[in-house]
1. If residue 182 meets every condition in (1) open to solvent by 10 Å² or more (accessible area, probe 1.4 Å); (2) out of contact with any helix residue (DSSP H, G or I) (no Cβ under 7 Å at 6 or more places or on another chain); (3) over 18 Å from residue 112 (Cα atoms); (4) in a helix (DSSP H, G or I) apart from one, which number is that one?
2. Go through segment 136-153 and report how many residues are buried (at least 18 other Cβ atoms within 10 Å of the Cβ), out of contact with any His (no Cβ under 9 Å at 6 or more places or on another chain) and not small (Gly, Ala, Ser).
3. Only residues that are out of contact with any strand residue (DSSP E or B) (no Cβ under 7 Å at 6 or more places or on another chain), in a helix (DSSP H, G or I) and hydrophobic (A, V, I, L, M, F, W, C): list them for segment 208-254, please.
4. Mind listing whichever residues of segment 120-169 are touching a residue at least 60 places away in the same chain (Cβ under 8 Å) and part of a loop (DSSP other than H, G, I, E, B)?
5. From 236, 251, 242, 220, which residue is buried (at least 23 other Cβ atoms within 10 Å of the Cβ) and within 28 Å of residue 83 (Cβ to Cβ)?
6. Checking residue 192 against (1) among the acidic types (Asp, Glu); (2) open to solvent by less than 40 Å² (accessible area, probe 1.4 Å); (3) farther than 28 Å from residue 93 by Cα: exactly one of these is not met. Which one?
7. Let me confirm something: among 112, 103, which residue is in contact with a helix residue (DSSP H, G or I) (Cβ under 7 Å, 6 or more places away or on another chain) and assigned by the TED database to the domain that holds residue 202?
8. Which one of these is surrounded by 13 or more Cβ atoms within 10 Å (Cβ to Cβ) and closer than 10 Å to residue 64 by Cα: 18, 44, 27, 48?
Amino acid sequence: MARTIQSLERAAAVLRLLAGGERRLGLSDIASAIGLAKATTHGLLRTLQQEGFVEQDKISGKYQLGAELLRLGNSYLDVHELRARALVWTDDLARSSGESTYLGVLHQRGVLIVHHVFRPDDSRQVLEVGAMQPLHSTALGKVLAAFDPVAHNEVMDSDFAGITPLTVTDPAAFDRELATVRARGWASDVGETWDGVASVAAPIVDRRRMPVGAVGITGAVERVLDGEAPRPRLVAAVRDCARAVSRDLGAGRF
């Protein structure tokens, strides 16, 4: 059995305790409930308070859950709301484009695939929900890096590893490409992550007009491209899907 980290288990016990029952608890109550000495419990609470997971009432001295937990919870809910809002539209995009459709969000310096609709044919395909894609070599990643300042900072601090001979590995050249992505509202990659595969993606924004993800299609170069550029009808379909999901998230006209 894998070993666990005792301090994390204790911190989790404190958070679970504060999440149920009384809204605020004193140090003695918390220490007694989790079976730890007051000094040990106080150290846990002080650390959790510094991280924003716990707050202490100035008058009573009692503890309650902090705002940082709410922010993390909202982030979790946002991803699930994004996926829920995108289900119908991504199905439509896969059907109209004839290609695999992906919904991605920024996660751990990469793109986390949170939804994947198979290409509507009888070919053998593998579900890629939960897979990670690079920021610097995929259309989804480029969209996030172009419109999300956090993603931009993370990708510019990366090593720009060459995945295929076509991967852009020069940070300055990549940044210039992002300027083009912002100007036209969509991104593409052609053989930069997988040989013979091309992608097109567009940003999804919420009611604050903040980027919350990206949606795109991926397929064989000969199907996605018209010459050297993505087929206009596919670009239009991807952008229409992104706008529709954004509207469902409260963005209005986008």
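1. Checking residue 182 against (1) open to solvent by 10 Å² or more (accessible area, probe 1.4 Å); (2) out of contact with any helix residue (DSSP H, G or I) (no Cβ under 7 Å at 6 or more places or on another chain); (3) over 18 Å from residue 112 (Cα atoms); (4) in a helix (DSSP H, G or I), the one that fails is (2).
2. Of the residues in that region, 6 qualify.
3. 236, 237, 244
4. Of everything in segment 120-169, those that are touching a residue at least 60 places away in the same chain (Cβ under 8 Å) and part of a loop (DSSP other than H, G, I, E, B) turn out to be 138, 148.
5. Details: 236 fails: buried (at least 23 other Cβ atoms within 10 Å of the Cβ); 251 fails: buried (at least 23 other Cβ atoms within 10 Å of the Cβ); 220 fails: buried (at least 23 other Cβ atoms within 10 Å of the Cβ).
Result: 242 is the single residue among 236, 251, 242, 220 that is buried (at least 23 other Cβ atoms within 10 Å of the Cβ) and within 28 Å of residue 83 (Cβ to Cβ).
6. Result: residue 192 fails condition (3) only.
7. Numbers: 112 fails: in contact with a helix residue (DSSP H, G or I) (Cβ under 7 Å, 6 or more places away or on another chain).
Going through 112, 103 in turn, the sole match is 103.
8. Working: 44 fails: closer than 10 Å to residue 64 by Cα; 27 fails: closer than 10 Å to residue 64 by Cα; 48 fails: closer than 10 Å to residue 64 by Cα.
None of the other options fit; the residue is 18.
The values are calculated or read from the model by the stated rules, or taken from the named source; none is laboratory data. Predicted model only: the values in this text are computed from it and were never measured. Counting neighbours? That spans all protein chains shown, and the Cβs are built from the backbone with ideal geometry, glycine included. Heavy atoms of the whole protein, side chains included, go into the accessibility calculation; ligands, DNA and RNA do not. Shrake-Rupley method; radii C 1.70, N 1.55, O 1.52, S 1.80 Å.
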